[in-house]
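Beneath this line is the structure, given in structure tokens, with notes to follow.
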Amino acid sequence: MNATILPEKENHYPVLLNEIISIISPQYGGTFIDCTFGQGGYTKKILEHSKTKVIALDRDPGSIKISSNFEKKFEKRFYFKNKKFSLINELKLTNEEIRAIIFDLGYSYKQIKDNTKGLSFYSSGDLNMRMGLNKFSAKDAIYKLNQKELETIFKFFGDEKDSKKISTNIVKKRETEKIDTPQLVKIIESSKKKNNYKTHVATKVFQSLRIFVNKEISELIFGLINATKILKPGGKIVIVTFHSLEDKIVKFFFKNLSETKSISRYMPKTKEKEKLFKLVNKKPIVPSNKEINENPPSRSAKLRFAIKEKNVENFEKDFLQKFNYLLEIEDLSKKL
Ligand SMILES: C[S@@+](CC[C@H](N)C(=O)[O-])C[C@H]1O[C@@H](n2cnc3c(N)ncnc32)[C@H](O)[C@@H]1O
């Protein structure tokens, strides 16, 4: 399960917290945007420094209650919006100098444990998977999309090798039986050739459905684009990802915009591309063995960050072109 969670305890374990704090250095004060407030693990650490201010976002309405405690405790230094981070550009930030924008993708321990959200294959109820501010659920996708569409989602968002067989069996079963979370797990189990997997047999299909239901690809793509637009030179984007598809998108975004060599067919060959970001680390930062021992699910975390150097016009073209095929798969939801 790809989340910053500690299964043995009830608390959320903020992944790579020390590494993030050393990158954004809140001891010097300033305003920070925490795009994935969750249980407020990162925000709390930033606000320990008295000259800081945090603007926090989270799409889960469950975060509103936690955020109201922060609002009381850190009056005039903490502001929360129940909003998706792809819309970060809608925040009213008149002349606000943002020092860093932080994203911690994935799900919190609380969300995974919430049976009504049905994010986990151990959930007992109806298929759902909505994190908050969604238009449709996993149940809608499972019942209303055709076999080919389901296969495409499992294949491209989950890298599921048996996507054809699983989607065919779902479409057969839904004619006669109710498909809830345990039933979907059974269909996946019976569709797979072998059952001696290290990870749970339903991991990939569940990952792909969560990505689809929460439109995580467009959230990430437009979150990165719009965060870059509102950041002034000197500001940082810091992002923790939990699976290879997310990391591939972030890696391309930072790398492409920190090089002068153009890969764009929109750019004249003679004109050198402008560098928007400075990359300090080419490789991602990963959790220490100590952190992985304390919080095993952190083992899949990858932290990348970049410093904005200058404003560049139309910087998003290459990026959108490269990942358009994923956005088109997300668009299958227009049917729902
Ligand atoms: C891994 S948790 C963050 C935990 C947080 N860093 C902490 O220390 O408590 C991810 C959070 O991001 C939120 N989230 C995921 N996608 C989002 C999006 N597109 N817009 C806003 N919030 C999002 C989830 O609801 C969840 O609460």
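Read-outs: derived from the displayed coordinates by stated rules, not from any lab. Everything numeric in this text was worked out from a predicted model, so none of it was measured. With ideal geometry, Cβ positions are generated from the backbone for all residues, glycine too; neighbour counts draw on all protein chains shown.
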Sparse-neighbourhood loop hits (GluC sites (Glu not before Pro), the range 106-187; DSSP loop; Cβ within 10 Å at most 11 others) -> 175, 177
Mean residue ellipticity at 222 nm from the helices of the chain, using -39,500 (n - 2.57) per DSSP H segment of n ≥ 4 over the full residue count, to the nearest 500 deg cm²/dmol? -11000 deg cm²/dmol
Two-decimal ratio, the chain, of alpha-carbon radius of gyration to 2.2 N^0.38 Å: 1.02
Once phi is turned into ³J(HN,Hα) by the Karplus curve 6.51 cos²θ - 1.76 cosθ + 1.60 with θ = phi - 60°, what whole-Hz value does each residue of the range 225-240 show in order, with x for glycine and proline? 5, 6, 5, 4, 5, 8, 7, 8, x, x, x, 10, 10, 10, 9, 10
Of 257, 128, 102, whose Cα points farthest to the positive end of the dipole of the chain (charges on the beta-carbon: +1 Lys, Arg; -1 Asp, Glu; origin at the Cα centre)? 257
Could you give the size of the charge dipole of the range 135-213 about its Cα centre, using +1 on the Cβ of each K and R and -1 on the Cβ of each D and E, expressed in debye and rounded to the nearest 20? 160
Under 1.5 on a/c is rounded, so check that first for the range 193-336, then, if it is not, pick prolate when a/b is larger than b/c and oblate when it is not; a ≥ b ≥ c are the square roots of the alpha carbon gyration tensor eigenvalues. oblate
Can you work out the PRE-style zone for residue 288? Point 7 Å along Cα to Cβ, and I want the residues of the range 8-44 with backbone N under 12 Å. 16-19
Using a simple spin-label model with points 7 Å from Cα along the Cα→Cβ vector, what separation in nm is obtained for residue 124 and residue 321? 5.3
The range 5-86: C-alpha gyration tensor shape, a/c 1.5 cut-off, then a/b vs b/c: oblate
Rounded to the nearest 20 debye, dipole of the chain from Cβ charges on Lys, Arg, Asp, Glu: 500
Longest exposed-site-free window of the chain, the sites being chymotrypsin sites (Phe, Trp or Tyr not before Pro) in a DSSP loop that have at most 11 other C-beta atoms within 10 Å: 1-196
For the range 166-222 the trypsin sites (Lys or Arg not before Pro) that pass both the DSSP coil test and the at-most-11 other-Cβ-within-10 Å test are 178, 193, 194, 198
Output the antiparallel fraction of DSSP beta bridges having both residues in the chain, as a percent to the nearest 5. 35
Are there any trypsin sites (Lys or Arg not before Pro) in the range 274-336 that are in a DSSP loop and have at most 10 other Cβ atoms within 10 Å? List them by number. 282
Report, please, the projected area of the range 135-213 averaged over directions, based on the convex hull of its C-alpha atoms, in nm². 4.7
Rounded to the nearest 10, the angle in degrees between the Cα long axis of helix 163-173 and the longest principal axis of the Cα atoms of the chain comes to 50
Sequence gap at least 6, Cα distance under 8 Å: using those rules, report the relative contact order of the chain to the nearest whole percent. 19
